[in-house]
Amino acid sequence: MPDAAASAPPQTTWAGQAPAFSPLYQQIKGLVLQSLQAGDWKPGEVIPSELELAARYKVSQGTVRKAVDELAAENLLVRRQGRGTFVATHAEQHVQYRFLRLQPDQGTVDSEGPAQRDFVDCKRQRASAEVARLLGLRPGDPVLQARRLLRYGGVPTILEDIWLPGGPFKGLTVERLSQYHGPMYALFEAEFGVRMVRADEKIRAVLPDEAQATLLDVSAGTPLLSVERIAYTYNDAPMELRRGLYRTDTHHYRNQLS
C-alpha cells in the first residue's frame with residue numbers, strides 16, 4: 001500500500017511555493033517575516049487578523065496563532081487586547097529602552113528621564129577592514145560614523161561611537177540626528193525603513209584614552225564599561241556597529257536572564 005503522505009499532493013503556500021520540511025507554523029512565521037521585511041506592514045501598523053492570515057495562507061487559525069505568538073515573543077509583533085496585533089516599533093515607550101541595559105543606581109530609567117544627547121562628530125568615510133567585516137561590507141565601502149555623548153542629570157555618562165552602512169542611511173546628517181528627539185532606532189525605522197530587531201553585545205572593562213576621558217569628565221585611570229553592539233535588521237543583516245563607554249559610578253549594567 002502506498003504511503004498516504006507520499007501520495008498526498010504537497011500543500012502549497014499562498015506564494016505558490018511548496019513548503020519545506022519544517023513545522024507548518026514555522027513556514028507561516030517565515031512568510032509573515034517576509035511581509036515585514038518587504039514593508040507590507042509598517043512599524044506601528046496593525047497586521048491582518050489571524051482569520052485573514054489563515055485564509056491567505058490556507059492554514060488553520062491555530063497555526064497562524066502559533067506563528068504570531070513566536071513573533072510577539074521575539075518583539076517583532078505586539079498584541080493589544082481588543083485592538084489586534086501590531087508591528088512593533090521603537091517609537092513605543094515600553095520598547096524605547098529595549099536595548100539599553102544601563103540603569104541608574106537610584107530610581108528607574110523612566111524616573112531618571114531622557115538623556116541629553118550631543119553629537120560630538122558625524123562624518124561620512126570609507127569603512128576600515130574591521131568595520132566592514134562587522135557590518136558585512138567590503139573594505140572601503142561608504143559608512144556614516146557618529147560620536148554621541150549622553151548626559152543624565154547633566155553628568156556625561158555614555159560616550160558612543162556609531163557606524164552605519166552608507167547605502168541604507170543615505171541622506172542621514174548630523175543635523176537630522178540632533179533634531180530628532182526620539183530614540184535613534186525609531187528615526188531609522190520611520191525615515192529609512194530600517195528596523196533593528198535584535199542585537200549582540202560584548203562587554204569588557206577598559207581605561208579611556210585622553211579624548212574619551214575628557215568627554216566623560218573622568219581621569220585617565222578611571223575604569224569604564226566598554227559595550228560593543230552589533231544591531232541587526234530582518235534576516236540577520238547587520239545594520240549598526242556601536243561602541244559605547246559607560247561610567248558606572250552612578251549607573252550599573254543590568255541584564256535579565258530567563
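Give me the accessible area per residue for the range 190-245, probe 1.4 Å, as a whole number in Å². Kindly include the intermediate steps, with their values, before the conclusion.
On the way: 2710 Å² over 56 residues.
I get 48 Å² per residue for this part.
Note on LEU215 and GLN26: the model spin-label points, each 7 Å out from Cα along the C-beta direction, lie 4.3 nm apart. Of the solvent-accessible surface of the range 33-77, computed with a 1.4 Å probe and all protein chains present, 50% belongs to carbon and sulfur. With a Förster radius of 30 Å applied to the C-beta separation of ASN235 and GLN116, the computed FRET efficiency comes to 0.30. Tell me, what is the FRET efficiency for ARG138 and GLU52 to the nearest 0.05, using R0 = 25 angstrom and their Cβ-Cβ distance as r? Using R0 = 25 Å, I get an efficiency of 0.05. Residue by residue, the range 30-43 carries 3J(HN,Hα) couplings of x, 5, 5, 4, 4, 5, 5, 5, 6, x, 4, 10, 7, x Hz when phi is fed to the Karplus relation 6.51 cos²θ - 1.76 cosθ + 1.60 (θ = phi - 60°); x denotes Gly or Pro. The mean sequence separation of alpha-carbon pairs under 8 Å and at least six residues apart, normalised by the residue count of the range 181-237, gives a relative contact order of 40 percent. Averaging the Cα positions of each part gives two centres, and for the range 41-80 and the range 213-258 these lie 34 Å apart. Taking the protein heavy atoms of the range 160-246 in the context of the full set of protein chains, the accessible area attributed to carbon and sulfur is 52 percent at 1.4 Å.
Using a 1.4 angstrom probe, figure out how much accessible area the range 103-182 has per residue, in square angstrom, rounded to the nearest whole.
On the way: 4210 Å² over 80 residues.
Counting only protein heavy atoms, the per-residue value for the range 103-182 is 53 Å².
Extension gain for the segment GLU74 to GLU201, taken as residue separation times 0.36 nm less the Cα-Cα distance, is 44.0 nm to one decimal.
The values are calculated or read from the model by the stated rules, or taken from the named source; none is laboratory data. Given the structure is predicted, the values throughout are model-derived calculations rather than measurements. FYI the Cβ positions are ideal-geometry reconstructions off the backbone, even for glycines, and counts take in every protein chain you see. Side chains are part of the model used for accessible areas, which takes the heavy atoms of the whole protein and leaves out ligands, DNA and RNA. Shrake-Rupley method; radii C 1.70, N 1.55, O 1.52, S 1.80 Å.
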